Amino acid sequence: MILFLIAALSVGILIELLNSGEFAQSPKFDYAKIDSAFNAIQEKIKDDSVKIQNKKFDYKQEVLDFSTDKANENSKKLVSVTEKFDLNSINFSQLISLPGIGKKAAESIIAYRNKNEKFSSVDQLLEIKGIGEKKLVELKKFLIIK
């Protein structure tokens, strides 16, 4: 019986405390601190994005190739063009070593020579597609007719 009275008294006290409002209200949360921190972060992000927008980027950069393969190719080309070649006996590798002559142009020159048997003048190179006046002037420094 005493146990029942203690339990009833405890329940009564608990109900009285809940009704009095002490536990009825949840603790209030201060949003002002969180809001100010959030606003500060937003301002920082906005400032950073403005800084990025004002930066200038060089998107027209030239890409240089410093590989040793290309350097060796160019040095061979410079050495080989110091001599003069006979246009009627020059081979493919000698042709492509000349400035302004690539694989296609070299093939076209050899095909023209084979079709017409021999060149009678260096000026006949103008008849080959891809060789114009400027290129001919440069090639005359390295080509002769024997």
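The values are calculated or read from the model by the stated rules, or taken from the named source; none is laboratory data. Keep in mind that what you see is a predicted model, and the values were worked out from it rather than measured. Every residue, glycine as well, gets a Cβ built from its backbone with ideal geometry; the counts of neighbours run over all protein chains shown.
Okay, here's what the table says:
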| read-out | value |
| --- | --- |
| Checklist (1) at pLDDT below 75; (2) in a helix (DSSP H, G or I) applied to Thr82, failing item | (2) |
| Residue identified as loosely packed, with under 10 Cβ neighbours inside 10 Å, at pLDDT below 80 and of a type outside the set (Ser, Thr, Tyr) among Phe4, Phe23, Phe29 | Phe29 |
| Condition met for Ile110 (surrounded by 13 or more Cβ atoms within 10 Å (Cβ to Cβ) and assigned to a helix (DSSP H, G or I)) | yes |
| Hits in the stretch 91-134 - residues which are within 35 Å of the chain's Cα centre (by Cα), at pLDDT 90 or above and of a type in the set (Lys, Arg) | Lys103, Lys104, Lys134 |
| From Asn88, Asn39, residue being in contact with a Lys or Arg (Cβ under 6 Å, 6 or more places away or on another chain), at pLDDT 80 or above and of a type outside the set (D, E, K, R) | Asn88 |
| Any pair with Cβ under 9 angstrom, 6 or more apart, that starts in the stretch 2-16 at a residue that is touching a residue at least 24 places away in the same chain (Cβ under 8 Å) and ends at one that is exposed (fewer than 10 other Cβ atoms within 10 Å of the Cβ) and among the aliphatic types (A, V, I, L, M) | none |
